[in-house]
Amino acid sequence: MSFDTPAGTRGLAMESGGPFMVWMDQLMARRIVRKVFSTFGLDVLVLSTIGRKSGIERTSQVCWFPGKDGSWLIVAAAGGTRVNPAWYYNIAAYPDEVQIEIDGRTVAVTAEQLHGAERAEAWQQITAAAHRFAGFQDKTDRELPVIRLTSRSGSAAPQE
């Protein structure tokens, strides 16, 4: 399936924080963010993508929900901004070069954007588990992309 969600015309503006904020995001990804989200009952994974423009590995912390057959569902919500988060475009460019860090292990995954009835079913599950995602959808006119991450065969490796 294609990654085809365009930016919206309504929603919060996404600010760029520059190099300092990139550094802070990387620091927070492994130390603080997962603990904060878990306090609110949300599970967080670290998503590693290849930058579509830079070709450099990028990491982001993302809430996840259990999918069918042991997959992970993530939402390109960006808090209800007008635009998709950068990681969405990175995944679209390199859907077979994505990794996640979860439960003390690194897993190579393939990313697929859900559409139609499959997306609707996953969206219902996500908003039932975390009502705030429905609020994010209300803030913007873009349909928040739901991405399924499926482990590539034999890719699980213990974290060092």
Check your understanding: Has the range 121-129 got any residue that is part of a helix (DSSP H, G or I), touching a helix residue (DSSP H, G or I) at 6+ places or on another chain (Cβ under 8 Å), in contact (Cβ under 8 Å) with a residue 60 or more places away in the chain and buried (at least 16 other Cβ atoms within 10 Å of the Cβ)?
Key -> yes
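Would you call F133 under 13 Å from the mean Cα position of the chain (by Cα), assigned to a strand (DSSP E or B) and touching a residue at least 24 places away in the same chain (Cβ under 8 Å)?
Values: under 13 Å from the mean Cα position of the chain (by Cα): yes; assigned to a strand (DSSP E or B): no; touching a residue at least 24 places away in the same chain (Cβ under 8 Å): yes.
So F133 fails the test.
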Exercise for review: Pairs only if they're at least six apart or on different chains, beta carbon under 7 angstrom, first in the range 72-100 and closer than 12 Å to R148 by Cα, second part of a helix (DSSP H, G or I) and among the charged types (D, E, K, R); list them, first residue then second.
Suggested key: none
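Applying the selection to the range 90-103, what residues are crowded, with 16+ Cβ neighbours inside 10 Å and modelled with pLDDT under 95? Please lay out each step first, then the result.
So in the range 90-103, the residues crowded, with 16+ Cβ neighbours inside 10 Å come out as 90-92, 95, 97-102.
Scanning the range 90-103 gives E101, I102.
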Exercise for review: Only residues that are more than 21 Å from D138 (Cα to Cα), assigned to a helix (DSSP H, G or I) and not polar (S, T, N, Q): list them for the range 51-96, please.
Suggested key: K68, D69, G70, W87, Y89, I91, A92, A93
Practice item. Give the residues of the range 129-160 that are of a type in the set (A, V, I, L, M, F, W, C), at pLDDT 95 or above and out of contact with any Leu (no Cβ under 6 Å at 6 or more places or on another chain), sorted by residue number. Key: L144, I147, L149
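Which residues, counting only those in the range 104-119, are on the phi < 0 side of the Ramachandran plot and either polar (S, T, N, Q) or surrounded by fewer than 17 Cβ atoms within 10 Å (Cβ to Cβ) (or both)? Break it down stepwise before answering.
First, pick out the residues of the range 104-119 that are on the phi < 0 side of the Ramachandran plot: 105-115, 117-119.
Those that are on the phi < 0 side of the Ramachandran plot and either polar (S, T, N, Q) or surrounded by fewer than 17 Cβ atoms within 10 Å (Cβ to Cβ) (or both): R105, T106, T110, Q113, H115, A117, E118.
The values are calculated or read from the model by the stated rules, or taken from the named source; none is laboratory data. A quick note: this is a predicted structure, and the numbers were derived from the prediction, not measured. Quick reminder, even Gly has a Cβ in these numbers, built from the backbone with ideal geometry, and neighbours come from all protein chains shown.
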